[in-house]
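Asker: Sending over a structure as structure tokens; questions will come in a sec.
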Amino acid sequence: MHRIVHLEANSLIADLRQPAFAHAWASHEKTAADEVRGRLAGASIAITNKVPIRAADIAALPELQMIAVSATGANNVDLDACRARGIIVSNIRGYAVRTVPEHVLSMMLALSRNLFAWRETVRAGGWQRAEQFCLFDHPIRDLHGATLGLIGSGSLGNGVARLAEAFGMHVLRAERKGVPVPRSGYVAFEEVLAAADVLSIHCPLTQQTQHLIGESELRAMKPSALLINTARGGIVDESALARALREGWIAGAGFDVLSGEPPADDQPLLAPELLVLPNFLLTPHVAWSSRPAMQALADQLIDNIEAFVAGSPKNVLA
């Protein structure tokens, strides 16, 4: 009989059905890194979202056969150690193809139309004291006719492209950084940086994409450009972005992720002077979490576990 341990049940609000095979199930609302081995002792299947399962943990868990990641990104799991042990790692795919793109477009619209600056103007009484029916204090830009640069063209990147094209945007898909000859349908990474009015990130966090966007990349963007990140925080050098926002290298940024979550108080993008800027929007990793999306995730999570037990694992990363 399989023993299944869910390490962080609080990370999902959904009806999580029980797998259709004989099993024992243990659920923990949350799990600290130093609790992983104790809680997974004797488990054959582990469910994790963001709780790290590292090589040392895997070495100490001889009965572990599968890690079911209840997310798309799996940078918290040591995939090399899993491959060496023959442990199957499955992730969730395609569940957020509507909710994350909608969040991205919401950020693009809010920033390009200066909604936060306008709200502050009204709150401060600027409209009430106006001599005519409208104000022109803050510039407004249309998405129609603007260029969207996409870093990552999986289901989420393509979902953003679909909505952007409906708004009349021109979409450029960036080739991987350092690739000399772009694939068909892709544009050189450096060209996308220079051309994009909005740059949106949808690639996984790996050793290759850590700080993919740093000072040189931010300075290579248009001063009028927006940077949107709903992928993983570590893809962007956050200290460099903080400088970029303070010094005006780019026009603004919308982020749903940070390199540490929950973040420490001294995280560069949590500086009080940044959080009040009208051109910086930070949300607490919620782009994925509409109720329909979380239910789709929960259903696929159990599908992945059942497929593994049936001998036909799917959505396999390792």
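Asker: State the label only: which of (1) 155; (2) 179; (3) 135 corresponds to volume of the Cα convex hull per residue in Å³ computed from the shown model?
Answerer: The calculated read-out lines up with (1).
Asker: What's the ranking of 31-38, 168-175 by average number of surrounding C-beta atoms within 10 Å, highest first?
Answerer: 168-175, 31-38
Asker: Within the chain, which whole H helices from DSSP have a Cα span along their axis of at least 30 Å and a mean Kyte-Doolittle hydropathy of 1.0 or more, if any?
Answerer: Membrane-span-like by this criterion, though nothing is claimed about a membrane: none.
Asker: Now, a different point. Taking residue 222 as the anchor, which lysines have their alpha carbon closer than 27 Å to its alpha carbon, excluding any fewer than eight residues away along the same chain?
Answerer: Output for residue 222: 177.
Asker: Follow-up question, since we're still on this one. What residue among 11, 116, 166 has its Cα farthest toward the positive end of the dipole of the chain, where the charges are +1 on Lys, Arg and -1 on Asp, Glu, each on the Cβ?
Answerer: In the chain, that residue is 166.
Asker: Going by average Cβ density within 10 Å per residue, which order do the peptides 192-204, 136-148 take, highest to lowest?
Answerer: Sorting 192-204, 136-148 by mean packing, highest first, produces 192-204, 136-148.
Asker: For the ranges 262-269, 43-50, what's the packing order if you count other beta-carbon atoms within 10 Å of each residue, average per peptide, and put the highest first?
Answerer: Top of the packing list down: 43-50, 262-269.
Quick note: the coordinates plus some simple rules give every number you see, no bench work behind them. A quick note: this is a predicted structure, and the numbers were derived from the prediction, not measured. Cβ: placed from backbone, ideal geometry, glycine included. Neighbour counts: every protein chain shown.
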